[in-house]
Amino acid sequence: MVQSSGDKVVPQLIAWEVTRRCTLRCRHCRAAATDQAYQGELTTRQCMRLLDNIASFSKPIIILTGGEPMLRDDIYDIARHGHSLGLRMVIAVCGMLLDDTSVARLLDAGVQCVSISLDGPDAASHDGFRQVDGAFDGALNGIDAARRGGLPFQVNTTVTRHNVDQLADIMHLAEQLGAVTFNPFLLVPTGRGKELADQELSPQQYEATLQWLARQQPATGMAVRVTCAPHYQRIIRQRQAKSNHVAPTHSAASTHQHARQHMGQGCMGGKSFAFISHVGRVQICGFLEDEAGDLNANDLDFRAIWQDSELFRRIRAVDDYHGKCGWCEYRRVCGGCRARAYAMTGDYLASEPFCVYEPRLKQPDKT
């Protein structure tokens, strides 16, 4: 059943691309960002009004991202305003612009955490992927500054065939550096990432990698959070059920359907997560570019888009997903990657194309 605008579904996490400008040219970049000015980005005043609107009905985590968000001169003002409204402000950066001064300013503005990407355990692998010499050293210097200043940080890693065999080394490095969270991203071939379609893991590698990550969590002091890999939630529940000698059933999986903690869901896009582009377009995530609404066309009313967008309403109706994702017993905690389904089939409601799991439930008769 499609949820109505009257249902109290509120965002828990919003990634906001405050600028598309970036100093790097990462091979996987969904935005194909470059170091140039982009027309139509929201002004400081518009940014403040947007935050006011979001805070009027929810108190999500706001990820200030890009591009490189620290290239905006007003980034500290934006963060401070969000913090003053009771929003939990975090920022995703490449690390090269972080130093003792900028870390102190971020903390003063109320930023609670910073994420920095490491796509290899050394300069050769990371710089090759980011396509800028010195990117690895810059990221490490930024991490050092965050650690000195007392700003918690997490390490993000985009997992592809070029670095999947280095994942253990990257994770070990993140732990040594003092990261609070290790957050692998499984590649979605959009933007410049389309050129890396041959670098995407096979479904079998995908499953094996997620199984390996699930085994690491008990042995590390970091939280392990996986993005763009919703069936990780199926895997950890299967492991839990096995350890408890309980077979996974629809009713067992359903006990989690109302869990809204951001680390306990699969695909959050359109359900508890939204993406706002540099020019104010609202999407279910940064990798699915179908537009849910345009903030410039509705006077920056994010709430109206969140509640009434037809795209969001269809995404929330998980029982209506096509193929096995529509009847899988884990559909409410996994949901499949809608962006990957769209990239590979042209249908954002299609079954997750990289899932090897066969549902225990039989396909329902919908005739």
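What the table shows:
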{"item": "Qualifying residue in segment 157-177 (condition: among the small types (G, A, S) and either part of a strand (DSSP E or B) or at positive phi (or both))", "result": "no"}
{"item": "Tally of residues being modelled with pLDDT under 95 and crowded, with 22+ Cβ neighbours inside 10 Å across segment 287-309", "result": "2"}
{"item": "Output for segment 115-156, where each listed residue is in a loop (DSSP other than H, G, I, E, B) and either surrounded by fewer than 19 Cβ atoms within 10 Å (Cβ to Cβ) or among the small types (G, A, S) (or both)", "result": "G120, D122, Q131, D133, G134, G150, P152"}
{"item": "Residue selected from segment 268-301 under the condition under 14 Å from the mean Cα position of the chain (by Cα), part of a strand (DSSP E or B) and among the aliphatic types (A, V, I, L, M), by the criterion nearest to L186 (Cα to Cα)", "result": "L288"}
{"item": "Any hit, segment 342-352, residues being outside any loop (DSSP other than H, G, I, E, B), under 18 Å from E17 (Cβ atoms) and in contact (Cβ under 8 Å) with a residue 60 or more places away in the chain", "result": "no"}
{"item": "Some residue of segment 86-97 being outside any helix (DSSP H, G or I) and within 15 Å of L173 (Cβ to Cβ)", "result": "yes"}
{"item": "Residue list for segment 335-351, filter: in contact with a Cys (Cβ under 7 Å, 6 or more places away or on another chain) and hydrophobic (A, V, I, L, M, F, W, C)", "result": "C337, A339"}
{"item": "Odd one out for C94 among (1) surrounded by 19 or more Cβ atoms within 10 Å (Cβ to Cβ); (2) farther than 16 Å from G280 by Cβ; (3) free of Cβ contacts under 8 Å to residues at least 60 places away in the same chain; (4) touching a strand residue (DSSP E or B) at 6+ places or on another chain (Cβ under 8 Å)", "result": "(3)"}
{"item": "Single unsatisfied condition, S117 versus (1) modelled with pLDDT of 95 or more; (2) under 20 Å from P184 (Cα atoms)", "result": "(1)"}
{"item": "Meets criteria (in contact with a helix residue (DSSP H, G or I) (Cβ under 8 Å, 6 or more places away or on another chain) and at pLDDT below 95) for F312", "result": "no"}
{"item": "Condition met for C355 (at pLDDT below 95 and either surrounded by fewer than 20 Cβ atoms within 10 Å (Cβ to Cβ) or within 18 Å of the chain's Cα centre (by Cα) (or both))", "result": "no"}
{"item": "Residue match in segment 177-185 (condition: modelled with pLDDT under 95, under 28 Å from I284 (Cβ atoms) and either surrounded by fewer than 20 Cβ atoms within 10 Å (Cβ to Cβ) or within 21 Å of the chain's Cα centre (by Cα) (or both))", "result": "yes"}
{"item": "All positions within segment 225-273 that are at pLDDT 80 or above and touching a Leu at 6+ places or on another chain (Cβ under 8 Å)", "result": "V226, T227, C228, A229, H231, Y232, I235, M268, G269, G270, S272, F273"}
{"item": "In segment 65-85, residue surrounded by the most Cβ atoms within 10 Å (Cβ to Cβ) [restricted to those that are under 21 Å from the mean Cα position of the chain (by Cα) and assigned to a loop (DSSP other than H, G, I, E, B)]", "result": "G67"}
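The values are calculated or read from the model by the stated rules, or taken from the named source; none is laboratory data. Remember, predicted model here, so these are calculated numbers, not experimental data. As a convention, Cβ positions derive from the backbone with ideal geometry for all residues, glycine included, and neighbour counts pool all protein chains shown.
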